[in-house]
Amino acid sequence: MDATREARERGWVDARPVGLVDALVSCVRLPRVLFERRELLIAGVRRDLGARFSGTVLGRVWPLVSPLLLFGVYYFLFTRIFGFRLEGLDPERRGAMGVYMFVGALAWTGFAEGVTRASTVLVENGTLIKKLAFPSELLPLQVVLASAVTQLIGFGVFAVVATVASFWPAPGVALLWIPVILALQLAFTYGLALLVSAANVFLRDVASGLSLVMTVWMFATPVFWMPVREVLPAIGPWLPWIERNPLYSLCYAWRAVWMSSAPTVAFPHTIGSELLAFAPWAVGAYVVGATCFALVKRRFADEV
Amino acid sequence: MDGAALEVEGLGKAYRRYDRAFDRALEFLTLGNAKRHREFWALRDASFTVARGEAFGIVGGNGAGKSTLLKLLAGTTHPSAGRFRLNGRLGALLELGAGFHLDLSGRENLALAGALMGLSRSEIRAKEAEILEFAEIGEFVDAPVRTYSTGMAVRLSFALATAIDPDVLIIDEVLAVGDVYFQKKCVDRVLDFKRSGKTILLCSHSLYDVRNLCERALWLDHGRVSGLGDATAVTNDYATFEREHAGADASSTPRPGLPRVLAARIRRRRDGVEVHEIEAGESIDIGVWWENPEPTRHALQLGIGFLRQDRTLVSAAATHVDGASFDARSGSATLELEQLPLLAGQFTVLVVLFDGDGVHRHHEYALDRPLTVRARTKELGLVRVPHRWRFAPLEAPPKR
C-alpha cells in the first residue's frame with residue numbers, strides 16, 4: 001500500500017483500481033479541483049445559458065420573460081381564480097398564494113432541472129471525455145449551476161417587480177439566509193447530479209427512469225399545495241412523512257426568505273430548523289455522489 | 001532513469017465488451033460481482049523508455065493499439081495493467097478539432113479548448129496572437145468554426161496544441177492532413193520542438209514521417225510490441241510485414257469470354273529467382289501470362305503499373321503508350337526493368353489487359369503480394385532520380 005502510494009507520488013500512473021479510501025479522498029479534494037478550473041466552469045455555464053437563447057431576437061431578455069410570465073400565471077390563477085385565500089391576511093399580502101406557488105416552483109425547477117439534465121450530460125459530451133483529459137466532474141456541475149442561475153434570475157425578477165409594483169412587501173433580513181440556502185441546495189443537487197450522471201453511463205435507463213421519479217417527487221413535494229391542516233385538513237397523518245422530504249425543507253426555506261415567513265399559517269417552523277434538517281441531506285448527497293463518481297469515473301471514456 | 005521523458009512498464013489496456021445492454025446493466029447493478037463482459041486487450045505488455053529530447057515514432061496497422069497507447073499516455077483512458085510515468089507537461093494532439101464547438105468562433109474555441117487543457121485565461125490571451133498567426137485563419141477568427149474548411153480547423157488545433165509549450169508532445173496522425181504548405185509548416189514546428197530539446201511521440205501511418213523525424217520507433221501489432229529500436233529498422237520491418245495486407249483487393253473479377261491475366265511473376269535479374277522484396281536499384285523482370293478466348297474480337301494492350309498503398313500510381317508501362325504491338329492471342333510477355341528507381345516502400349504491382357485502344361479494361365490483376373523495396377540509404381521520396389551535384393563560387397547574382 002505504502003509502496004504504491006509512494007510510486008504514485010513520484011508520478012507513476014498505474015492500474016491499481018480506485019478504492020473506497022481513494023474515492024473519499026478525492027471527494028474531499030474535489031471542491032479545490034473545481035475551484036482551480038473555475039474559468040472553464042464559468043465559460044461552460046455561460047455557454048450553456050447562452051445556447052438556449054442564441055439566435056433569438058430577444059436574446060438575453062428571454063430568461064427574464066419566463067419567470068415573469070410564470071409569476072403572472074400563478075398570481076392570477078391561485079389568487080383570483082381558485083380563490084385560495086388564507087384567513088387573516090394583511091391586505092398587502094393578498095397575493096400570498098401566488099408568491100408561494102411561484103417561489104416553490106422556482107426552487108423545485110432549480111433543483112430538478114439540474115439533476116435531470118445532469119443525467120445525460122456525460123453521454124452527450126462523450127467525445128470530449130474520450131479525447132481530452134479534464135475533470136469530468138465539471139460537466140454535471142456545469143448544468144447544475146446553469147439551472148441554479150436560471151432560478152436566481154427568477155428570484156431577482158420577482159424581487160424587482162415586487163418592489164417596483166409594490167404588490168408584495170420587500171423581503172427583510174431573511175435575505176441573509178440566501179448564501180446558506182444556496183450552498184446547501186447546490187451541494188444536494190450536485191451530489192445527486194454526480195450520482196445519476198455516472199449511473200447513466202453504465203445504465204442508460206437511468207435517465208428515462210429519472211424523469212418519472214422526478215414527476216412523482218414533484219407531486220410529493222409541496223410545490224403547488226400547502227402542507228398545513230388549515231388548508232388541507234386531510235393532510236394530518238401524512239405530515240411527518242411529507243416533512244422528511246429534503247425538498248420540502250428546501251422549498252420551505254426559499255419561501256421563508258421571500259415571504260418573510262408570512263402568513264404565519266404557512267410557516268410552522270423556523271427557517272433555521274428547516275435548514276438544519278436539510279443540511280445532512282445536502283452533505284450526505286454530496287459525499288455519496290462524489291464518492292460513487294470517483295469510483296467509476298475512470299471507465300467513462302471507455303463506456304460513453 | 002533521470003533523463004527519461006517517458007517510462008512505460010508492462011502497460012496494458014483491456015476494454016470491456018458486452019453482448020447486450022442487459023449484460024452491462026446487470027454487471028453494473030451487482031456492482032461488478034456478476035461478470036458479464038468479455039475482455040478485449042487493445043494493448044498488452046508494452047514496455048519502453050523515451051529519453052528526453054528524443055523523437056519517438058509509433059507505427060502499426062489499424063487496431064494495433066497505437067491510439068490506445070496514446071490515449072493512455074494523454075490520460076483520457078486508464079491502464080488495466082502495468083504503469084507509466086511522464087515527466088513534464090504534456091501536449092496531446094489526439095484528434096484535430098477535438099473539443100471544438102462548431103457554433104462558437106475560432107477565438108472562443110481557443111479559449112475553451114485552452115481551458116480544457118488546463119491553461120488559465122491570461123495564459124491563453126498571451127498566446128492568442130501567436131496561435132492565430134501560425135494558424136493563418138485571418139478574419140475567420142470571429143466566425144463560427146462551422147464555417148471553417150477542414151484545413152483551417154486543423155491548423156487552429158495544431159497551433160493551439162503546440163503553443164502551450166509542452167515538454168512532451170503527442171501527435172496522432174496529424175501531419176497527414178492539411179495542404180502541403182501547412183504540412184511543411186507543421187513538420188518545421190515539430191523539428192523546432194525537437195531542436196529545443198522537447199520530446200515528441202509521433203504516431204503515423206506515414207512511415208516516411210516516422211523515418212524522417214524520429215530516432216527510434218515502436219511497432220505495435222494486435223496490441224503487442226512487435227518491434228522496438230532504430231526508426232529505420234523498425235519501419236522497414238513493419239513495411240515488410242504489411243505486405244500481407246495490400247494488393248489482393250486491387251484485382252477485378254474477369255468476365256467469362258473476355259481476355260484475362262492468368263499469372264504474373266517478378267524475377268530478380270541477377271539470379272532469376274522469383275522475389276517479392278528487392279533492394280532499391282535492383283533490376284527485375286516481370287513476366288505476365290494471359291489468355292484470350294476470342295482474339296479476333298478482342299484486340300489487346302498490356303499495362304503494368306506500380307501503385308503506392310494509397311493507390312497512387314507511381315509509375316506504369318503500357319504497350320499502347322510505348323507503341324509496342326503484339327499478337328492478341330493467348331500468350332506471355334516480359335517487362336524488363338533496369339535498375340528499378342523506386343525507393344523504400346511497398347508497391348502493389350498491377351497488370352492490366354486493355355482493349356485495342358487502351359481505354360476499356362478487360363481485366364485488372366494485382367500480384368497477390370506487393371513488391372517491397374528496401375532502401376539501404378536514407379534517400380527521400382518515392383523514386384530515385386539520377387543526379388549529381390556541381391558547385392561554384394558566387395561571381396554574379398543569378399540572371400533571369
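The values are calculated or read from the model by the stated rules, or taken from the named source; none is laboratory data. This one's a predicted model, so the numbers in the text were calculated from it and none came from an experiment. For neighbour counting, all protein chains shown are included, and Cβ atoms are generated from backbone atoms with ideal geometry for every residue, glycine included.
The table that follows gives values for the structure above.
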quantity	calculated
Meets criteria (within 14 Å of chain B (Cβ to nearest Cβ) and modelled with pLDDT of 90 or more) for A:ALA198	yes
Single match in B:LEU202, B:LEU119 (criterion: in the same structural domain as B:LEU6 (by TED's automatic domain parsing), crowded, with 21+ Cβ neighbours inside 10 Å and outside any helix (DSSP H, G or I))	B:LEU202
Condition check for A:VAL223: crowded, with 16+ Cβ neighbours inside 10 Å, more than 19 Å from B:LEU29 (Cβ to Cβ) and either within 14 Å of chain B (Cβ to nearest Cβ) or under 19 Å from the mean Cα position of the chain (by Cα) (or both)	yes
Flag for B:VAL273 being farther than 26 Å from B:SER206 by Cα and in contact (Cβ under 8 Å) with a residue 24 or more places away in the chain	no
Whichever residue in the stretch A:120-174 is of a type in the set (Ser, Thr, Tyr) and closer than 30 Å to A:ARG93 by Cβ and, among such residues, is modelled with the highest pLDDT	A:SER147
Subset tally (residues that are touching a strand residue (DSSP E or B) at 6+ places or on another chain (Cβ under 8 Å) and modelled with pLDDT under 80) for the stretch B:338-366	4
Among the residues listed as B:GLY53, B:GLY82, B:GLY63, B:GLY75, the single one being within 14 Å of another protein chain (Cβ to nearest Cβ), surrounded by fewer than 18 Cβ atoms within 10 Å (Cβ to Cβ) and at positive phi	B:GLY75
Restricting the stretch A:42-53 to residues that are touching a residue at least 60 places away in the same chain (Cβ under 8 Å) and more than 9 Å from chain B (Cβ to nearest Cβ), the residue that is nearest to B:GLY118 (Cα to Cα)	A:VAL45
Set B:ALA126, B:ALA143: member being more than 8 Å from chain A (Cβ to nearest Cβ), over 26 Å from B:GLN183 (Cβ atoms), among the aliphatic types (A, V, I, L, M) and over 31 Å from the mean Cα position of the chain (by Cα)	B:ALA126
The stretch B:44-68: number of residues that are at pLDDT 85 or above and closer than 20 Å to B:TYR18 by Cβ	1
Spans of helices (runs of 4 or more DSSP H) in the stretch A:233-304 with at least 3 residues modelled with pLDDT under 95 and within 14 Å of another protein chain (Cβ to nearest Cβ)	A:271-296, A:300-303
Test for A:ALA183: is it under 19 Å from A:GLY114 (Cβ atoms) and either within 14 Å of chain B (Cβ to nearest Cβ) or not in a loop (DSSP other than H, G, I, E, B) (or both)	yes
Out of B:ARG36, B:ARG24, sole residue that is part of a loop (DSSP other than H, G, I, E, B) and surrounded by 17 or more Cβ atoms within 10 Å (Cβ to Cβ)	B:ARG36
Lone unmet requirement of (1) assigned to a loop (DSSP other than H, G, I, E, B); (2) touching a residue at least 40 places away in the same chain (Cβ under 8 Å) for B:GLU294	(2)
Filter result for B:VAL261 (of a type outside the set (S, T, N, Q), assigned to a strand (DSSP E or B) and closer than 29 Å to B:GLU338 by Cβ)	yes
Residue pairs meeting the criteria (Cβ under 8 Å; at least 6 apart or on separate chains; first away from chain B (no Cβ under 14 Å) and under 19 Å from B:PRO79 (Cα atoms), in the stretch A:9-34; second in a strand (DSSP E or B) and modelled with pLDDT of 90 or more)	none
The stretch B:35-54, residues that are in contact (Cβ under 8 Å) with a residue 40 or more places away in the chain, of a type outside the set (D, E, K, R) and farther than 15 Å from B:LEU70 by Cβ	B:TRP41, B:SER47, B:THR49, B:ALA51, B:GLY53
Within the stretch B:190-238, considering residues that are among the basic types (Lys, Arg) and in contact with a helix residue (DSSP H, G or I) (Cβ under 6 Å, 6 or more places away or on another chain), the one nearest to B:GLN309 (Cα to Cα)	B:ARG211
Residue list for the stretch A:201-220, restricted to those being within 14 Å of another protein chain (Cβ to nearest Cβ) and touching a residue at least 24 places away in the same chain (Cβ under 8 Å)	A:VAL201, A:PHE202, A:ARG204, A:VAL206, A:ALA207
From the options B:ARG369, B:ARG376, residue that is assigned to a loop (DSSP other than H, G, I, E, B), in contact with a His (Cβ under 8 Å, 6 or more places away or on another chain) and at pLDDT below 85	B:ARG369
Output for the stretch A:119-163, where each listed residue is away from chain B (no Cβ under 14 Å), among the hydroxyl-bearing types (Ser, Thr, Tyr) and more than 23 Å from A:TRP254 (Cα to Cα)	A:SER119, A:THR120
